[in-house]
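Only one structure is covered here, and it is reproduced in the block below.
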Amino acid sequence: MTEADLEGLGVHRIAIPVPFPQAGGPVNAYLVEDAGGGLLMFDAGLGTPEAQAALEAGFARLGRRFDEVTRIVVSHGHVDHYGAARFVQERHGGPDVPVFGHPADAPKMSEQGPRWRELAPRLAAYLARQGVPPEVVEVLARQGEGGFRFARRLPEVRPIAEGEVLRTRHLALEVMHMPGHTPGLLCLYERERRLFFSDDHLLEKVSPNPLVELGPDGQDGFFHPLLAYLDSLRRLRAMEVDLVLPGHGPPFGGHREIIDALVGFYAKRQARMLELLRAGPRTAHEIARALWPHARPADAFLTLSETVANLEVMESRGEVRRDRAAEPWRYLAA
């Protein structure tokens, strides 16, 4: 099935530029022709002037208007996916366009959610426990604060749940909760035509980063992203899918081969980490530095997240244990 075939089903993709290369290319916003003649929007892109201009150009190219949007479904609470939702509401004429998301990710997007000034001290304490040096923690704090310029919070994010069916002009889109990349990540599945809107759950050329997610009070172990992701991948692998419509890049097929390659990739990484730990205890930061020796300090949150997520999988299998007797924590081969 080609993108021309998708347009025949009322599915239109708008590619929106993002300023960070780790994303895997421009982010996609999908317009799906709705049953009543309007548009369901799945993801909205960033809230930067460049992204909003690309969104406007995409609507114009398709001959559609912002006031045709009847509802926005946000896949997850990252700025490149919800950042322009407020802009769409304003271009529509006000906050009357409802925005839906999973309750686990809603605090990241809504005005009622915690602000960076509340999150930063908890994250800094956690990073220090994982062995990240103070100067790198400071770089990450500045970066985290700056990231909020890519999006504006939403007045309300309405809950949407696993199993709900969004009926559009040609499609019946089943909401699927696929935690991993975030706790509340949502995908859409069209069973009859075997279409899967994967957002960042499955990408053709990039492995979605399993990010550290602390609890409401900054507690460690609130969410285990890679363990959850591998479970969600197993669910997806068992599904019948002819075409994946991702959050970044063009549609692709062969979802099982890509999943198998991802699982193999993680297995190789974990084998390398176990090899490092057999040489002696290390902090998560030291392991990350060994795996990515040329990474910039600004990339430390991504590399640490990837490291800790893999360590949690290895801990669950009894291959690794964490020594919390002193800080920073150290990991040992079991």
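The values are calculated or read from the model by the stated rules, or taken from the named source; none is laboratory data. This is a predicted model, so every value here is computed, not measured. Cβ coordinates were reconstructed from backbone atoms using ideal geometry, including for glycine residues, and neighbour counts include every protein chain displayed. In case anyone asks, the SASA skips ligands and DNA or RNA and just uses the protein heavy atoms, side chains included. Shrake-Rupley method; radii C 1.70, N 1.55, O 1.52, S 1.80 Å.
What to note about this one:
- Cβ pairs under 9 Å, 6+ apart, first in region 183-210 and open to solvent by less than 40 Å² (accessible area, probe 1.4 Å), second at pLDDT below 95 and among the polar types (S, T, N, Q): Asp200/Asn209; Asn209/Gln22
- Scanning region 97-115 turns up no residue that is touching a Phe, Trp or Tyr at 6+ places or on another chain (Cβ under 8 Å), part of a helix (DSSP H, G or I), more than 19 Å from Ala29 (Cβ to Cβ) and hydrophobic (A, V, I, L, M, F, W, C).
- A Cβ distance below 6 Å, combined with a sequence gap of six or more or placement on separate chains, defines the contacts here; from region 1-18, residues that are within 13 Å of Leu171 (Cβ to Cβ) and at pLDDT 90 or above reach residues that are among the basic types (Lys, Arg) and open to solvent by 70 Å² or more (accessible area, probe 1.4 Å) in the pairs Gly10/Arg169.
- Pairs, first closer than 14 Å to Val308 by Cα and assigned to a helix (DSSP H, G or I) in region 223-240, second at pLDDT 95 or above and open to solvent by 60 Å² or more (accessible area, probe 1.4 Å), C-beta under 9 Å, six or more apart: Leu227/Ser316
- In the condition set (1) buried (at least 17 other Cβ atoms within 10 Å of the Cβ); (2) touching an Asp or Glu at 6+ places or on another chain (Cβ under 7 Å); (3) of a type outside the set (Lys, Arg), Leu277 is compliant with all but (2).
A quick yes/no check of all residues on (1) under 24 Å from the mean Cα position of the chain (by Cα); (2) without any contact (Cβ under 8 Å) to a residue 60 or more places away in the chain:
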| residue | (1), (2) |
| --- | --- |
| Trp292 | yes, yes |
| Leu302 | yes, no |
| Glu312 | yes, no |
| Asp323 | no, yes |
| Ala326 | no, yes |
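- When every residue of region 107-117 is checked against the conditions, none turns out to be buried (at least 21 other Cβ atoms within 10 Å of the Cβ), in contact with a His (Cβ under 9 Å, 6 or more places away or on another chain) and under 25 Å from Leu171 (Cα atoms).
A quick yes/no check of all residues on (1) part of a loop (DSSP other than H, G, I, E, B); (2) modelled with pLDDT under 90:
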| position | (1), (2) |
| --- | --- |
| His181 | yes, no |
| Ser198 | no, no |
| Leu203 | yes, no |
| Pro208 | yes, yes |
| Pro216 | yes, yes |
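- Some residue of region 43-53 being without any contact (Cβ under 8 Å) to a residue 12 or more places away in the chain and either open to solvent by 20 Å² or more (accessible area, probe 1.4 Å) or under 15 Å from Phe197 (Cβ atoms) (or both): yes
- A single member of Ala261, Ala300 is surrounded by 14 or more Cβ atoms within 10 Å (Cβ to Cβ) and of a type in the set (A, V, I, L, M), and it is Ala300.
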